[in-house]
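Chemist: So that we are looking at the same thing, I have put the structure below in structure tokens.
The values are calculated or read from the model by the stated rules, or taken from the named source; none is laboratory data. This is a predicted model, so every value here is computed, not measured. Positions of Cβ are generated from backbone atoms using ideal geometry, with glycine treated the same way; all protein chains shown enter the neighbour counts.
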Amino acid sequence: MSVINWVKSIPASIKWIIAGALLLLLSYVITMSIQFEFAVLVNYMTFGLTVLAIILSGTAVSGDRMRANISSRAGRTLDTLKYSKFVLLFAVPFYIMFVVLEFI
């Protein structure tokens, strides 16, 4: 089995979590070279990714509008929910690091 086939066999959810972990590691390396605290960056990224997931999922709108969006364009609504899920999976390493830095 080649490397490309092995990577293709990994589920998309795991790929998004790994991508988030790589960005977290990269941001840690970058904050070591500049005058910016890593904990502050993790707080901003955690908040920003959560807000982005809420916006993409459409849960910030009223119930009537959400129901109308689902019934009028079901395919597009499912796509936006998929993107919201990917953003939340991408944010998992940031959530874990946030908990580690704030509470432990």
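Chemist: Which pairs turn up if I take residues in segment 4-29 that are over 14 Å from PRO93 (Cβ atoms) and look for partners that are exposed (fewer than 10 other Cβ atoms within 10 Å of the Cβ) with beta carbon separation below 9 Å, at least 6 apart in sequence or on another chain?
Modeler: SER9/MET1
Chemist: Name the residue, out of SER57, SER71, that is modelled with pLDDT under 80 and surrounded by 12 or more Cβ atoms within 10 Å (Cβ to Cβ). Explain how you work it out, then say what you get.
Modeler: Details: SER71 fails: surrounded by 12 or more Cβ atoms within 10 Å (Cβ to Cβ).
The conditions single out SER57.
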